[in-house]
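Working notes, beginning with the structure itself.
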Amino acid sequence: MENKLTDSKKGLGLYIHIPFCVKKCEYCDFLSGPASEETKRLYVEALIKEIFSNKDLAAEYLVKTIFIGGGTPSSIDGKFIGKILKAVKEVFNVSEQAEISMEANPGTVNEEKLREYKKAGINRISFGLQSADNKELKLLGRIHSYEEFEENYYMARELGFCNINVDLISALPGQTIKQWVSTLEKVIQLKPEHISAYSLILEEGTPFFERYSEEDQDEDLDRRIYSKTKEVLENAGYDRYEISNYAKPGFACKHNSSYWTGTDYLGLGLGASSLLNNIRCHNEENMNAYIRNSNDRNRLRKNIESLDRKQQMEEFMFLGLRMMEGIQKSRFKDLFHEDIENIYGDVLSQSFDENLLMEKNNRIFLTEKGIDLSNVVMSRFLLDN
Ligand code: SF4
């Protein structure tokens, strides 16, 4: 139970970035890559300094979720995770019920590390599997096999992790629906609480972008894969609660849900972004500069942008509509002191008429057709400046 003092504080999500990977995957444009053990050590020291530099801000908030992502957080010494979380708990008020997730990639996890994570307070593990087919894993440039993942997964279960996500990627070059369903079925048999299933995006600057042109991507196949994913996962007891995320009842990712519902978040670490009191910013992306300036929050933060009312409304719509339960009309009114129809009346009527959006019990949400055309629907909510 929280006490009265923390009850009155604003909720906060913390994202902690670990930008290291054993090797770069072929499709990845995240801020991540291989590094020496010395760089990793210096980075963790710097990260801890950055955590302490947020003491004044920490007083305003109650941390409800923590997400350690990357990169590959499991590629650093397991003890570092304990040190990072110890610093977080010294500086921030962390809710006793906080969801504390960490990404782990097969090939970098062992029993000792998993024990360290448990001891440090991690209560949700997110495994980056991507495919259950070893040929596809090789194509993606992953460092692990399906069997290594399975071994790590069972190890985590045995050590008592009872909230596990598995990340998957569909629509790989040359992948058939049958191959994709076979990945889903293999993963379902393990009964993880949560499955994220994103379709591949060809990001500029990656080897995949060079190799497979945009034309190779078949939108119709994408759509069929998407609806098959929903069918297979729903039959196995997973609810789709966001466009690409599925969970057993009660296991929706609280951290990601808080982004989509507009909770403030603080990003710590190289290149991490934050949104606090409608001010958005990104941390320094240069490793040397990050390590040098980590105890001075003001020198780390770049691209500071204060969101005006129109931008806040747009964000509210874009993020909220990603969730299957959609946006709450009364919340729009509470936040902006205006009926949603006064701002978006025409867009809403057009989208209702075209069966892209639906309204029920004070909520507005995407229909199946709207999900297929979500980019089109979202773009309608941009407001002229
Ligand atoms: S492990 Fe993840 S973050 Fe690292 S290179 Fe591969 S996809 Fe990118």
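Only the coordinates and a few stated rules stand behind these numbers; no lab work does. Model, not experiment: these values are computed from the prediction. We place every Cβ from the backbone using ideal geometry, glycine too, and count neighbours over all the protein chains shown.
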So which cysteines in the chain don't have a second cysteine's C-beta under 4.7 Å from them?
Cys21, Cys162, Cys253, Cys281
Descending Cα extents along the principal axes, segment 313-379, whole Å
31, 23, 21
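For segment 4-260, count all C-alpha to C-alpha pairs, find those more than 30 Å apart, and express that count as a whole percent of the total. Let's see the in-between values first.
Working: 9641 of 32896 pairs.
The answer is 29 percent, as a whole percent.
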Give the order of Met313, Met155 when sorted by the count of other beta carbons within 10 angstrom, beginning with the fewest.
Met155, Met313
May I ask you to list the GluC sites (Glu not before Pro) in segment 170-277 that are in a DSSP loop and have at most 14 other Cβ atoms within 10 Å of their Cβ?
Glu203, Glu204
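Where both partners of a DSSP beta bridge lie in the chain, what percent of those bridges are antiparallel, to the nearest 5? Write out the running numbers ahead of the final one.
Working: 22 of 58 bridges.
So the antiparallel bridges amount to about 40 percent of the total.
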Over 21 Å [Cα-Cα, segment 1-79], rounded percent:
42 percent
Segment 54-94 to segment 232-289: how many Å between their Cα centroids?
15 Å
Normalised radius of gyration for segment 1-147, please: alpha carbon Rg relative to 2.2 N^0.38 Å, two decimal places.
1.13
